[in-house]
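Undergrad: Below is one structure. I have some questions about it.
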Amino acid sequence: MRRGNNLALGLASAIATLLIALLLAPNAAAQTPTATPSASPTNALDIEVIGLRTNSGQVGCSLFNDAQAFPRDDSKVLHHIWAPIHTGKAICQFTDLAPGIKMLRAEIGQDRRDIVAAAMLLTPSEGAIFWPLYDQYRAEQHELGDRKVRLITDFIASRDTMSEERAAQLTKDALSIEKKKISIKEDYVSKMSKVLSARTVARFFQVDNKLDAVVDAALAGRVPLIK
């Protein structure tokens, strides 16, 4: 179980939403960067860096895929760009974030499988039954996760200029995703209960719910509120 706990901590770090590192020149200082709505490409993120004590030079911005690696482990940098400074501020625009998100989610998925394996304590015969069902279950949840990523991307891109109609639709879409998530769980509780013991099924969904809570908590802490 100690291995499972350590992996859980690793997952919590891995799923922390992409962190922004500001690599500034020695004579520059910045306030906390703020995300502004992207007016251009799909899957784009604009970061406005304000309060710089210079009107020239450049600001370097990096997106990390691991909270523990921030700010010094360059091997965990997904994107790095430089933006010119004008009138004490700069805007770093990251475009086409979808490939980076896809890679990060793949890494998280493998960590999650390792945690489940450590926590379930399955016999070989139980594992032969459990893992095919688990892979099917996670494939359906992953597809639902794609919808959630698109929803969050759309929200961040339009949160400062969102109409009443768009806000209502995003709320409706978010609830639809949550309902579908519960529906998938109920479906696989039924499927697993036919071939595995009730205790094994209960243990798996207890672990699964804990992992969902870690992901949701990290995500909730990084997604800004609607304005």
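Undergrad: Do we find that residue 208 is surrounded by 13 or more Cβ atoms within 10 Å (Cβ to Cβ), among the acidic types (Asp, Glu) and touching a residue at least 40 places away in the same chain (Cβ under 8 Å) in this structure? Spell out the reasoning first.
TA: Numbers: surrounded by 13 or more Cβ atoms within 10 Å (Cβ to Cβ): yes; among the acidic types (Asp, Glu): yes; touching a residue at least 40 places away in the same chain (Cβ under 8 Å): yes.
So residue 208 fits the description; yes.
Undergrad: Any residue in the range 165-183 that's more than 12 Å from residue 148 (Cα to Cα): show its pairings with residues that are surrounded by 11 or more Cβ atoms within 10 Å (Cβ to Cβ) at Cβ separation under 7 Å, as long as the two are six or more apart or on different chains.
TA: 166/158; 167/226
Undergrad: Quick check on my filter: what residues within the range 187-203 are among the basic types (Lys, Arg) and surrounded by fewer than 15 Cβ atoms within 10 Å (Cβ to Cβ)? Walk me through how you get there before you give the answer.
TA: Our first condition is that a residue be among the basic types (Lys, Arg); within the range 187-203, this holds for 191, 194, 199, 203.
191, 194, 199 - these are the residues of the range 187-203 that are among the basic types (Lys, Arg) and surrounded by fewer than 15 Cβ atoms within 10 Å (Cβ to Cβ).
Undergrad: What are the residues in the range 123-157 that are among the hydrophobic types (A, V, I, L, M, F, W, C) and either in contact with a strand residue (DSSP E or B) (Cβ under 7 Å, 6 or more places away or on another chain) or free of Cβ contacts under 8 Å to residues at least 40 places away in the same chain (or both), if any?
TA: Going through the range 123-157, the residues among the hydrophobic types (A, V, I, L, M, F, W, C) turn out to be 128-131, 133, 139, 144, 149, 151-152, 155-157.
Within the range 123-157, 128, 131, 139, 151, 156 meet the criteria.
Undergrad: Is there a residue being within 22 Å of the chain's Cα centre (by Cα), closer than 27 Å to residue 93 by Cα and polar (S, T, N, Q) anywhere in the range 133-149?
TA: If we filter the range 133-149 for residues that are within 22 Å of the chain's Cα centre (by Cα), which is where we start, we get 134-149.
Cutting the leftovers down to closer than 27 Å to residue 93 by Cα gives us 145-149.
In the following step, the residues that additionally are polar (S, T, N, Q) were identified as none.
No.
Undergrad: Please verify whether the range 203-217 includes one or more residues that are modelled with pLDDT of 95 or more, within 29 Å of residue 131 (Cα to Cα) and not in a helix (DSSP H, G or I).
TA: no
Undergrad: Restricting attention to the range 124-148, which residues are among the aliphatic types (A, V, I, L, M) and touching a helix residue (DSSP H, G or I) at 6+ places or on another chain (Cβ under 6 Å)? Before you say what the answer is, go through the steps one by one.
TA: From the range 124-148, those among the aliphatic types (A, V, I, L, M) are 128-129, 133, 139, 144; that's our starting set.
Selection gives 133, 144.
Undergrad: Provide a single number: the residues in the range 147-180 that are modelled with pLDDT under 85 and either within 22 Å of residue 113 (Cβ to Cβ) or loosely packed, with under 14 Cβ neighbours inside 10 Å (or both).
TA: Qualifying residue count for the region: 3.
The values are calculated or read from the model by the stated rules, or taken from the named source; none is laboratory data. No experiment lies behind these values; they were computed from the predicted model shown. Glycine also receives a Cβ, built like all others from the backbone with ideal geometry; neighbour counts cover every protein chain displayed.
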